[in-house]
1. Using only Cα atoms and rounding to the nearest 10 degrees, what angle (0 to 90) does helix A:780-796 make with the longest principal axis of chain A?
2. Nearest 20 debye, what's the magnitude of the dipole of region B:2-189 about its Cα centre given +1 on Lys and Arg Cβ and -1 on Asp and Glu Cβ?
3. Over the residues of chain A, compute the C-alpha Rg and express it relative to 2.2 N^0.38 Å.
4. Run the quick spin-label model on A:Ser98 and A:Val467: label points 7 Å from Cα toward the beta carbon, then report their separation in nm to one decimal.
5. Out of all DSSP beta bridges in chain B, what portion is antiparallel? Express it as a percent rounded to 5.
6. For chain B, take N as its residue count and report Rg(C-alpha) divided by 2.2 N^0.38 Å.
7. Across peptide B:118-130, how many C-beta atoms of other chains are within 10 Å of each residue C-beta, on average?
8. Please give the charge dipole size of the protein assembly as shown, origin at the Cα centre, charges +1 on K and R Cβ atoms and -1 on D and E Cβ atoms. Round to the nearest 20 debye.
Amino acid sequence: MKTSRSYSANLFDKVVLGRPRLILFLILIAVSFLGTQAKKFKLDASADTLILEDDEDLQNTRTVVSRYGEQDFVVVTYHPKSDLFDKVTLEHIDNLQSDLAEIRSIERVTSLLDMPLLESPKIPIKQLATKVITLRSSEVDKKLARIEFKNSPIYHNLVVSPDLSTTAIQVVFPADTKGNDLLKRRIQFRKKEREGTLSPSEKIEYAGVRAALSQHNETMKQLRHENIAAIRAVMDRYRSDAELFLGGVSMVTDDLITFIKSDLKLFGIGVLFFLIITLKLIFKNLRWIVIPLSCCFLATLAMVGFLGFFGWEVTVISSNFISLQLIITMAITIHLIVRYLELAEANPKASNREIILETVASMFKPCLYAALTTIAGFASLVLSNILPVINFGWMMIAGISVSLLLTFLIFPIALSFFEKVEKQKSSHKVFPLTSILARFTEHRGPLIIVISIGALVFGLTGIMRLVVENSFIDYFKKSTEIYQGMKLIDQTLGGTTPLDVTIDFGEPKENKTDSVETAGSSDEADTFDEGDEFGDFDEFEEEGDADKYWFTSDKMARIKAINDYLDAIPETGKVLSLGTMLKVAEKLNDGKPLDNFKLALLYSELPADMRTLVLDPYVSVEHDQARFSIRVRDSEKTLKRDELLKKIRYDLINQFGFKEEHVHLTGMLVLYNNMLQSLFDSQIKTLGLAVAALIFMFLILFRSFKLSLIAITPNLLSIGIVLGVMGWAGIPLDMMTITIAAISVGIAVDDTIHYIHRFKHEFEVDRNYMAAMHRCHESIGQAMYYTSVTIIIGFSILCLSNFIPSIYFGLLTGLAMFIALIAAMTLLPQLIILIKPLGPEVELKQK
Amino acid sequence: MKTWILIFLSLSLFSSTVFADELSEVDHFMKEKLSTVMKVLENKSLSKEQRDAAVLVQINAAFDFNKMAKLTLGRKYWPGLSTTEQTRFTSLFIQRMQASYLEKLDLYTDEQIAYNPPIRVNKNVHMLTELVSGDNHISMRYKLYKSKESGWRVYDIELEGVSIITTYRSQFYEVLDKGTINDLLNKLEQADGM
C-alpha cells in the first residue's frame, strides 16, 4: 500500500505539480468547453416533471382531457373599487378583456360579460339558438342579472365571488396539438422500448421525437412565460381601478421556475458573499478564499456543462443540486486546507511542494472513501421509479465525482502558485468548539449516550408525525402576489387544483350493443311465439341507442346526487357537471325535475353551440360516461389529499353503488398525490437501501463489523433528527423537502468517514482511545467544524427567500450539518471509546 | 302476356287504392279525435275533472295503451315476464301514461293543430301534425298501426323527433339491465318521475 501510494504520489508530483500551468490550462480548456454546454442547461418545473410517467392515472387523465376537450388557461381575478355591475366597471372589464385578447397566442378571453343569461329576463331554451342575452345585450335587465349571477349554480363561486365583489376573467391558451402529438409518439416509443421491440430505425426516430419534444416544450415554456408577462403587463394598466391577481396551473409553473431561477441568482450571490465572509473569519487569508471559491466555481460550471451536454433537466426535485455540489466541493477543499495548515505547522522545514503533495496524498483516501460512500447513498435514488428522482441520483453521482477530481487537481495547482504558509493563526481559539466537544466527550460519555437515545426517540416520534401533504400555495410566502391570488381564487372563485371524477354508467358500448342483439334478435324471438308481435315495430330497436335517449331521469337523478355529494365536501370548491346544468334547466322548468321525455326533448332542441358549452365537457354518451369537473381548495387546512381521493372513491362505490372499475379519478390532484405517495414510498425504500449501502461501504473501508455499526449510528441519528424535526415542526414531506433525508445522509457520511479514518491513524500513534480522540478533534475535527460553520452560515441566507422550499432547504441543511458535526464529534468518539473496535488500548503510564 | 300485364296493373291499382283508403281512414280518424280533444280544451266552462274525463274518453279510443306497454319492454323483456307481471306492468304503465298526458293538458293555452297528410311507413301509418302557437311550431308525429280487433290505434307519439316509447324504453331498460322486473314495478308504483 505504502509503495503504491508513494508511486501514485510520485506520479502526481511529476505530472501535476511538475507542470502546474499546463495542467491548469488543460483543466480550464475542458471546463470552458463544458461551460459552453452550460447554455443548454434547462430548468423544468412543468406539471409533467411532477407526475409519474408510468402512472396509469396519467393515461386516464390524458384520455379525459382529450375526450372532454380541456384546454390550458389562466385566470385574472378582478376586484373593482366600485360596484361590479356599475356601468364604468363593466366598461373597464370589457377594455381589459379586449386588451388581453390582443396578446399573441391567446385563443380567447371570457368574462362575465359573455355569460349567457337565462333569467335576465327569462327566455325559453329553444330561443337560445337565436337570442342569447348577456350583460352586453341592450335588453338585459341588470338587476335580474345581478340576482342570476348570485344564484346561478354555474356562475356563482366561479365567474363571480359569492358576495359579487370579485369576478374571474378566463384567458384560454390554444390547444398544444403539436406537443400532444409528439407526446403520444414518445409514449408509444417508450412502451416499445420497455417491451424491447424497438427496431434500429425506430430507435433513431425515437431519439428524434425526444429531441423534438424537448425543443418544443422549451419553446412552449418560453412562449407561456412571455404570455404571462404580457398578461401581467396588461393587468398593471388596470390596477388603479381594481385589485387584480393572476392564477392558474400555467402561472404557478411559470412562477415556480421564475422563483427558483431568481433564488439561484440572488441567493447564489448571497451564499457566495456569506461563504467569503466565513472563510475570511476562519482562515484570515485571501488564498483560502480564492482557492476554495475557484474550486467551487469550476466544479459547478463543469457540472452544469455536463447537465447541458447530456440534456438532463433540472426539475423542482433536483433544483437543490447546485447547492449540494457547492457543499461537497467546499467540504473537500476545507479538509485539504486544514490538512495543509496542519502539515505546514508540523513540518516547518518542508517545502511548499512537499507539503502540498503530502496533503493530497494523506487526504485523497478519506476524501475518496467519503465520496464513494456518498455516491452509494445517492445511487439508491437511481432505483426509484420516478424519472426526476433517478436523474437527481445520476446528477449527484456525476457531481460528486467531478468535485472530487477537480478539487484534487485545482487545489494543489493553485496552492503551488503561492508561497508556503509559515504560521497560520488558529481561529478556533476564538471559539474552541472542538476542544469543548472533546472534553465533553471525555467527561460526559454516558450523558452523550442518554442524549443520543433521547434525540433518537424525539426523531422517531417526529417521523411518525410526518405527513405527505403540501399544496402549491404553501410554496410561497403570504406576502407574495402569487399566494394572495391563489388564496383569493381558492376562497371565493371555486378553488385552484383540478380534479376530475368520471363515472361509467354501463359496460363499454360495443359489449352492450352485442348483448342486446343476442338477447333479442335471435334466440328469444324464435323461442317465444309472441316474437312476431314486435316485428312491425323494429324502429324502437334501431333508435334506442340514439344519444337523446341517454338522458334518462334516473341517470340524471344519480348525476345530481353525485354532484351534490361532491359539492358538500368542504375541501371542494366549484363542482361542474351535467348535474349543475340540470339545476339550471330545472329552474327554467319551474323548479321541477325534468322527466325523461323533457330531457330527450331538451337534448334535441339544444342548439349545437350551447351543446358544446353545457354538455360536451360533462357527458360522453358514446362512452356512457359522465364527468364531474371539480376544483379543490388547495389552501383548505383540513385538506388531506390522499384521504380525500380515497373517500370519494369509497363513497361512489359503496354509497352510490358503482362498480370499482366504473369510477375514475383523474386530474392534477390525483397525479400530484400519486407522485407524493410514490416519492414517500420510494424515499423510505431508498433510505433503507442507502443505509444498507452505507453499512456495506463501511465494511469494505474499515474491514470491521463493529466499526461499521458504530459508523452508521451518527448517520442514523442525523437522518432521524432532521426528519423528526420536520415531523414535529409540521413541515410536510413534499418533493422538495423529501430530498433533505438524502442530503443529511451525504453530509453525515462525510464527517463520519473523515473522523474514523483519522481516528485509526491517531490510534496507531499510542493506542490510546482518549488521546486519539483529542488529537482527532484538534485536527480533522477542525476541518469538520469549519466546513459546517461555513456551510451553515452560507446557506442561512436562504431564509430570506420568498420561496418556502428554499427556506426549508437553508434551515434543514444547516440542521443536518450541525447534527452531523455534533454526532460525529460526540456520539461517534464516545461509541468508539466505549466499544473499542480497534482492539485493546495500551495504558499511557505503561507506555 | 297482355293478360299478365293487365292482371299486374289491376293488382297494383288495387293495392294503391287500398293504401289510399287506409291513409284517408287514418287521417279522418285522427282529425276527429284531435279536434274533439281541442274542443274540450277550448271549453273553458269545464272543470279540470270534467275536462280530464272527456279527454280520456278520446285518448282511450285512439291510443292502444296495452300495445304501448308491450313495446316499451320490447322483445328483450316482455316475453320473459309472467302473465301476472305483464298485467301488473301494463296497468301501472297505463296509469303513468294517462297521468302524464293529462298533466301536459294544463300547459294548453291557445295552440292550434295544423295537419299534414299522413304517410305510410312499412305496415304502419304516421300522422304528421304541428302544434302552432304564434311563431312557435312544435312537430308531433302520431304513429298508428292497424289492430285486428279495433282498427287503427296510436302506438307512439314523437314530439320534435323524440319518441315517447323509446324514452320510456331507455329508462326501463336501464332498470332491468341492472335489476329485476320487481324493481321496475316498484319504481312505477312510487311514481318518482320515471
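Computed from the coordinates by the stated procedures, all read-outs in this text should not be read as laboratory data. What you see is a predicted model, and the numbers here were worked out from it, not measured in a lab. Note: ideal-geometry Cβ built from the backbone for every residue, glycine included; neighbour counts use all protein chains shown.
1. Helix A:780-796 sits at roughly 30 degrees to that axis.
2. Result for region B:2-189 is approximately 720 debye, rounded to the nearest 20.
3. The reported ratio for this selection is 1.17.
4. Each label point is offset 7 Å from its Cα along the Cβ direction, giving 4.9 nm.
5. Around 95 percent antiparallel, to the nearest 5.
6. 1.21
7. Going residue by residue through B:118-130 and averaging, the value is 1.
8. 6340
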